[in-house]
Every structure is written in C-alpha cells, then in structure tokens.
Amino acid sequence: MKEIKVVAGIIENNGKILCMQRDKGKYDYVSFKWEFPGGKIEEGETNEEALKRELLEEMDLEVDVENHFCDVQYTYPDFKITMFCYKCNTRDLDFKLNVHKDYKWLEKSELNIIDWAPADMPIVRKLMEE
C-alpha cells in the first residue's frame, strides 16, 4: 500500500480556525470533505518548507509556521498517510481557492459541525479539547 507523508496547517485568526473543503477528487471517500490545508512533502524538503510551499500553491497564502501541534497516521482504503500538523500565523487573510471548493472560519467549539476527512478528525478532537 502506498504511504504518503503530508503536512497540514492550522491557521487561526481571532479565535477561529480556517477549514478548507476539498473539491471532487480521485477518491470519493475524501471528495468534498473538509480538511486543514497542506499537502505532500517533496524530496529534500523540511516539513515547514513543504507547508509554506503548499499553502502558497493552493491558496496564494504566505504563513509563518509557529509550532508542531500533532502527528496523525491514518489508513484509507487505497493509501496510508502520515500527517504532520503545525499551527501557523499569517499577516494576510486574503487568499484564493486554487484547489479547494470552499472555506469556513469556525470557532473551536463548532469544528464538529462539518464533514471532515477521517485523517483530520484527530486534529479536530485535539483542537476542541484545548
């Protein structure tokens, strides 16, 4: 089974967390699900470099990677992922939906109202416990 290493950014502003909705994709089980923005780590990149690059590519958003939040391992039917999650800050909240369908800013207490990708659920639970 294919194993993928990815990074995810938890972007918070005024107490709200940025949640991104995936568009239709290769696998139905993650299409239109909500996620924390990020993507695959490329050869030779640090996690922080990958996260900055992915957010720039996906959203035209520049971030400062602040601190490591948690790691998640999850097995989907067709692949396994290891996701390294970081809290991020940004000075610019003006971003584009280059690959995502939609976005929401939600309070931590509201995070469970949307349909998250299964691999993102441990992050949601940990954030809601903070």
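Each value in this text was obtained by applying a stated rule to the coordinates, not by laboratory testing. All values derive from a computational prediction rather than experimental measurement. So basically every Cβ, Gly included, is an ideal-geometry build from the backbone, and we count neighbours across all protein chains shown.
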List the number of the failed condition for E66; all other conditions in (1) among the charged types (D, E, K, R); (2) in contact (Cβ under 8 Å) with a residue 24 or more places away in the chain; (3) surrounded by 12 or more Cβ atoms within 10 Å (Cβ to Cβ) hold. (2)
Are any of the residues in region 33-45 charged (D, E, K, R), part of a strand (DSSP E or B) and in contact (Cβ under 8 Å) with a residue 40 or more places away in the chain? yes
Taking E58, is it more than 22 Å from K104 (Cβ to Cβ) and surrounded by 13 or more Cβ atoms within 10 Å (Cβ to Cβ)? no
Counting only residues in region 88-130 that are touching a Lys or Arg at 6+ places or on another chain (Cβ under 6 Å) and part of a helix (DSSP H, G or I), the one surrounded by the fewest Cβ atoms within 10 Å (Cβ to Cβ) is identified as M128
For region 46-84, which positions are of a type in the set (V, I, T) and either touching a helix residue (DSSP H, G or I) at 6+ places or on another chain (Cβ under 7 Å) or not in a strand (DSSP E or B) (or both)? T46, V63, V65, V72, I81
Of the residues L127, L93, L106, which single one is closer than 21 Å to S31 by Cα and not small (G, A, S)? L106
Only residues that are touching a residue at least 12 places away in the same chain (Cβ under 8 Å) and either surrounded by fewer than 16 Cβ atoms within 10 Å (Cβ to Cβ) or among the hydroxyl-bearing types (S, T, Y) (or both): list them for region 71-81, please. D71, Y74, T75, Y76, P77, D78, F79, K80
Conditions first: (1) over 15 Å from the mean Cα position of the chain (by Cα); (2) of a type in the set (F, W, Y); (3) within 23 Å of L127 (Cβ to Cβ). Y86 passes all but one, so which condition is the exception? (1)
